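Data block below; observations after.
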Amino acid sequence: MFRKLVTLVSLAAVHGEPSEAELMQELTMLQQAVAEQQRTILDQKAELEEYMDHSRRLQVSVNETYYSNTIASLQATDYGFTGAIDSAWLCLCGALVMFMHAGFAMLETGSCRAKNASNVLMKNLVNVCVGTLGWWSLGWAFAYGAEAKTNGFIGASGFFGLDFYTQDATTGVITPVTCNSDGCQSTMLSWFFQWAFCTAGATIVSGGVAERVKSPTYAAYAFCMTTFIYPVIVAWSWGGGWLNSIFDVGYMDFAGSGIVHLTGGVSALAGTVVLGPRKGRFVNPEEFEAHNLPLVVLGTFALWFGWYGFNPGSTLSMSSGNMGALAAQVAMNTTLSAATGGIMVFLARYAIFGKYDVGGLCNGILAGLVSITAGCGNMESGCAVATGFVGALVYQGSSMLLQKLKIDDPVDAVPVHGFCGIWGVLAASLFDWGSGINYYHGWSGWGCMENPDGTCRPNIGGSAVGANIILVLMVIVWAGSLSGIAFFLLKLTGMLRIDEDTEAMGIDMKSHSPPKAYAMSTPAATGVSASEHSPTKAYAAPETTV
Amino acid sequence: MMKTLAALLCLAAAEPTLKEEVELLRKQVLAQRDLYEDQQALIAELKSRRLQTSTWATQAELTAQVAALTAVDQSMGGAMDSMWMCLCGALVMFMHAGFGMLETGCCREKNASNVLMKNLVNVCVGTLGWWSIGWAIAYGAQNGNGFIGTTGWFGVDFYTQDATTGVITPVTCNGDGCQSTMLSWFFQWAFCTAGATIVSGGVAERVKSPTYALYAFFMAGFIYPVVVAWTWGGGWIANVLDVGYMDFAGSGVVHLTGGVSALMGTIVLGPRKGRFDNPDEFDCHNLPLVVFGTFALWFGWYGFNPGSTLGMHDGATGAMAAQVAMNTTLSAATGGITVFLLRYAIVRKYDVGALCNGILAGLVSITAGCGNMECGSAFATGLVGALVYQLSSMLLQKLRIDDPVDASPVHGFCGIWGCLACALFDWGKGVDHYHGWSGWGCMANTDGSCKTGIGGSAIGAQFIMIIMIIIWAGGLSGLTFFILKVTGLLRISDEVEDVGLDSHHHSPPKAYSLSGCPTKTVEVGAATGVVPGEPKGAWAA
């Protein structure tokens, strides 16, 4: 409208002298235009006043800097919270996992004979100490050094905890690495949490080789296990190596049925096969009963307790509601599978032998726990019950198989951690809560694995199962063969097994000071028999010695 | 402007030349167009300065929203601190299980019940001591005396109550997010009773039980709290030599206090009867308990050390807790394996008990410096701590001082080493700068630059702390035990010591009643006095 008017005005200016009629016409038009313009301008003024009204707009003091600083400060606080809450979560969960060492030690000691109790305790303690130094010096760097992500096989930075932070050359002020600003997970946090897993994995082997392996040899093996065998498997998987993207889907092992337990279990199998059975194991089996059942049960409960750091802690963070819900799901699944596994093995044993077997119940609980460890983060609770149920059968079957093959595994480390570890990895891909075998959740937690456009990727269930089978095979090949070779070489050089004299006498008497684990009055040999239990007593007195 | 236009219009009316009028109107149209365009530009600018086009935020609204978010954050900070310290406090409390099992396993079977009881009574009595007077002395307001706190007896003053409504406000919580006094009470309670329990190990198997209970009250109610008042409570050692002491989680404040008191107790009590004549009789009676106790202590230490960040609401603190956990782990493992190897080199036998004590030596050694040194230094701290433990343990044996669980070598001597290591291995640059309590950053001048030339003062401050703790705790404990000895209240009679405290004073009269178990062929060994090396069953008579 305005433009038209202006044109009109300028047109008028161009035509020389206008007639009076034309002038009158223009005058009228202009008067109308002026009136119209005034109305528009008044509207505009009203709008402007609205904008200018101080009660309805930001005041001069709320400038962009103030606003963005305020937001940035709030965000920094929240970011700091995530770092703090992740650290609190993983420090506490790491401590729980560390307590599993108490569980392993009590379980293994209680399961062995009284004459070797000190030695088994020592093996567990030495395992933690040596394993810690191994993880610090080499292990962490192999497993989580940044190179694993590029070469897919092994990391190579962070030896001896170097490079975990940077230090200002002038002031000496320290900045932890991966903490660009305040809220973050430090490298120390990863080191600590994963340390607990590494030494736990190594301890599994100590159960399989108990009561007959030479102690310094085992200590050396524990060092190899925590510096190389286990860390390389971690580099392939959790460390971001080649198994991570295999078949375009990648493996799924939430907390380590395969990475930790199968690695430990298959190594224990290699150890126990190469070592051979304990003297007389298949001649007088009743002499090999657990010597202290309360310790076995305490150990089992300590392990179960520690597992609530092992599995829920494997969310590896706790800074969102989703993560919290997942941790709760994991805790629920862990609980269900443990209980199912325990009661199933107990009933199976009762059906077979017609006696209550407390040790079998304990191992059933552990079988359930190992089985659910891989899949606790991508299956629903019903599947967790199924996982524990099948895990119990796997444990019982493999335990009987080993007995049949006359392989002597003193604490059933291989059936519990090896065979149930395999089952756990498979269960993680079979019971994944993705729709059918079409979709797959895996590491994505509540959501499906997605295409780049955000839709669920179809037809990947098969690849996922395949990827987990590859994980199982590679762990068996790597850990089994390396451990097997290590034990075999040690056997050839005569450094593996204690001599027969020591075995008959007990390692405690021969090599320990004090020479026995218990200095207690001898239980009287009364004839009361608890007929319903197997073994028929909670404490086994030593067999006559020499 | 509009007014001018109106005036112009009036003027035009006064001069009714048609042409002029048209000219005037043309000008007016053009002027109004300019005005329109100016205003349009202003509107556009104002629109662009609004936060959004749909809704408007006022200053008041923004301030209110920011305040609400800040309040949520502060509240979450308080919640996270409370969660962290409640859980860490519970871990530290579990160390009592560790102490209980370790000490019981280490003693003789005939006194097992008594040692268990001593640990239980220690926690119960110590808790009442800490509640009634301990906390107030340690953390009450000192009013500038630098020596002792005087408010907060019996947990009174931990909150205020509105007289009319009865609404309760926890103290030190002006807003929502804060640490309450109860949180400090609980977390520090665990430390206090842990410190007192250390003594129970040193005096085990020969001290009269009621006497020890009284001593535990005195320890938890006075001796330990005063040391805390000087240090963590903000007293005179906190800024001695302008730098102040550094003891992150209590190598000195807790362990040395307990260790030196244990040493005084065991010296005044004298050795257990026959300890240096038939040492074999004094072997640990139940090694699995010893090992379980060690693992439980190690586990609890992850509350003791990382929890001593005393908060958990920002990333830097989180990273510090992780560093502390890593250092704790490394020192424990190094200490354990080093003592084990040393013992093997000396006696050519595997000594599980020593391995356990080595782990504890490593843990005690790193407790002071876990928050201001790097992991390599933690390794060194554990290594030296192991040597300190082994040497001091041998020294006590040589001096015929009978410390049943090696409480003073582990907690006393390694506690001293821990305080020194903390100053020596501080990750500040050279001995020039010092980090101490400042964590990742250096101790700074008021202008924010690093203080220089303070490494020496820092070491000096540690010496002062060590000496003062030895004088205070050692002196008071020694005096107490000596007075008790003079009055004959300290030590059990010879007869009770021979028979065992359990059968004399306890009901049931023994810790184990295993003989109900049917056993197979058992060759009962000779009566007491096992000859070492003689092949025997593990259940020695």
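The values are calculated or read from the model by the stated rules, or taken from the named source; none is laboratory data. This structure is a prediction, so every number in the text was calculated from the model and none was measured. With ideal geometry, Cβ positions are generated from the backbone for all residues, glycine too; neighbour counts draw on all protein chains shown.
Output the residues belonging to the range B:239-276 that are without any contact (Cβ under 8 Å) to a residue 12 or more places away in the chain and closer than 26 Å to B:G478 by Cα.
Within the range B:239-276, just B:G274 meets the criteria.
Filtering the range A:245-269 down to residues that are buried (at least 24 other Cβ atoms within 10 Å of the Cβ) and of a type in the set (G, A, S), which residue is farthest from A:I229 (Cα to Cα)? So that I can check it myself, show each step before the final result.
If we filter the range A:245-269 for residues that are buried (at least 24 other Cβ atoms within 10 Å of the Cβ), which is where we start, we get A:251-269.
Of the ones still in play, those that are also of a type in the set (G, A, S) are A:255-258, A:264-265, A:267-268.
Values: A:A255: 18, A:G256: 15, A:S257: 16, A:G258: 13, A:G264: 10, A:G265: 13, A:S267: 10, A:A268: 13 Å.
Applying the filter and picking the extreme gives A:A255.
Comparison of A:V120, A:V130, A:V126, A:V97 shows that the only residue that is in contact with a Phe, Trp or Tyr (Cβ under 8 Å, 6 or more places away or on another chain), more than 8 Å from every other protein chain (Cβ to nearest Cβ) and in a helix (DSSP H, G or I) is A:V97.
Being in a helix (DSSP H, G or I) and either modelled with pLDDT of 95 or more or over 17 Å from B:E374 (Cα atoms) (or both) is the requirement here; does A:S190 meet it?
Numbers: in a helix (DSSP H, G or I): yes; either modelled with pLDDT of 95 or more or over 17 Å from B:E374 (Cα atoms) (or both): no.
When the stated conditions are applied, A:S190 does not pass them.
Filtering B:T329, B:T317, B:T367 for residues that are facing chain A (nearest Cβ under 7 Å), polar (S, T, N, Q) and more than 19 Å from A:V128 (Cα to Cα) leaves a single hit, B:T317.
Name the residue, out of A:V475, A:V411, A:V416, that is in contact with a Leu (Cβ under 8 Å, 6 or more places away or on another chain), modelled with pLDDT of 85 or more, of a type outside the set (F, W, Y) and part of a loop (DSSP other than H, G, I, E, B). Quick ask: steps written out before the conclusion?
Working: A:V475 fails: part of a loop (DSSP other than H, G, I, E, B); A:V416 fails: part of a loop (DSSP other than H, G, I, E, B).
Answer to the check: A:V411.
Looking at B:S392, B:S408, just one residue is among the polar types (S, T, N, Q), surrounded by 24 or more Cβ atoms within 10 Å (Cβ to Cβ) and away from chain A (no Cβ under 11 Å), and that residue is B:S408.
Which pairs do you get when a residue that is over 24 Å from B:T127 (Cβ atoms), found in the range B:147-171, comes within reach of a residue that is surrounded by 12 or more Cβ atoms within 10 Å (Cβ to Cβ) and among the small types (G, A, S), reach meaning Cβ atoms under 9 angstrom, with the pair 6+ apart or on two chains? Pairs that qualify, where the first residue is over 24 Å from B:T127 (Cβ atoms) and the partner is surrounded by 12 or more Cβ atoms within 10 Å (Cβ to Cβ) and among the small types (G, A, S), are B:F147/B:A229; B:F147/B:G235.
Report, by residue number, each residue of the range B:60-106 that is hydroxyl-bearing (S, T, Y) and more than 10 Å from chain A (Cβ to nearest Cβ).
The answer is B:S75, B:S82, B:T104.
B:G311 satisfies every condition listed in (1) free of Cβ contacts under 8 Å to residues at least 60 places away in the same chain; (2) surrounded by fewer than 24 Cβ atoms within 10 Å (Cβ to Cβ) except (1).
So which helices (runs of 4 or more DSSP H) are wholly in the range B:389-502 and hold at least 3 residues that are over 21 Å from B:G265 (Cβ atoms) and out of contact with any Lys or Arg (no Cβ under 9 Å at 6 or more places or on another chain)? Working first, answer last.
Numbers: elements: B:414-424, B:455-469, B:475-486, B:494-499.
Where helices (runs of 4 or more DSSP H) fall fully within the range B:389-502 and carry at least 3 residues being over 21 Å from B:G265 (Cβ atoms) and out of contact with any Lys or Arg (no Cβ under 9 Å at 6 or more places or on another chain), they are B:414-424, B:455-469.
If the condition is being facing chain B (nearest Cβ under 10 Å) and not small (G, A, S), then the range A:294-304 contributes A:P294, A:L295, A:L298. Considering (1) of a type outside the set (A, V, I, L, M, F, W, C); (2) out of contact with any Ser or Thr (no Cβ under 8 Å at 6 or more places or on another chain); (3) within 19 Å of B:G195 (Cβ to Cβ), the lone condition that B:G166 does not fulfil carries the number (3).
What are the residues in the range A:107-157 that are aliphatic (A, V, I, L, M) and in contact with a Cys (Cβ under 6 Å, 6 or more places away or on another chain), if any? Give the derivation first.
Step one: of the range A:107-157, the residues aliphatic (A, V, I, L, M) are A:107, A:114, A:117, A:120-122, A:125-126, A:128, A:130, A:133, A:138, A:141, A:143, A:146, A:148, A:154, A:156.
Within the range A:107-157, A:V120 is the sole residue that qualifies.
Scanning the range B:249-305 for residues that are of a type in the set (V, I, T) and either under 18 Å from B:S365 (Cβ atoms) or away from every other protein chain (no Cβ under 11 Å) (or both) yields B:V253, B:V254, B:T257, B:V260, B:T266, B:I267, B:V268, B:T294.
Working only within the range B:332-343, note down all residues that are without any contact (Cβ under 8 Å) to a residue 24 or more places away in the chain and more than 9 Å from chain A (Cβ to nearest Cβ). Residue satisfying the conditions is B:L341 alone. Checking each residue in the range A:265-310 for being touching a helix residue (DSSP H, G or I) at 6+ places or on another chain (Cβ under 7 Å) and at positive phi picks out only A:G280.
For the range A:148-170, indicate whether the set of residues that are surrounded by 18 or more Cβ atoms within 10 Å (Cβ to Cβ), within 10 Å of chain B (Cβ to nearest Cβ) and not small (G, A, S) is non-empty. Write out each step before concluding.
Of the residues in the range A:148-170, the ones surrounded by 18 or more Cβ atoms within 10 Å (Cβ to Cβ) are A:148, A:154-155, A:158, A:161, A:164-165.
Then keep just the ones that are within 10 Å of chain B (Cβ to nearest Cβ); that gives A:161, A:164-165.
Of the ones still in play, those that are also not small (G, A, S) are A:164-165.
Checked the range A:148-170: at least one residue is surrounded by 18 or more Cβ atoms within 10 Å (Cβ to Cβ), within 10 Å of chain B (Cβ to nearest Cβ) and not small (G, A, S).
With respect to the conditions (1) buried (at least 18 other Cβ atoms within 10 Å of the Cβ); (2) over 22 Å from A:A428 (Cβ atoms), A:T335 lacks only one, and its number is (2).
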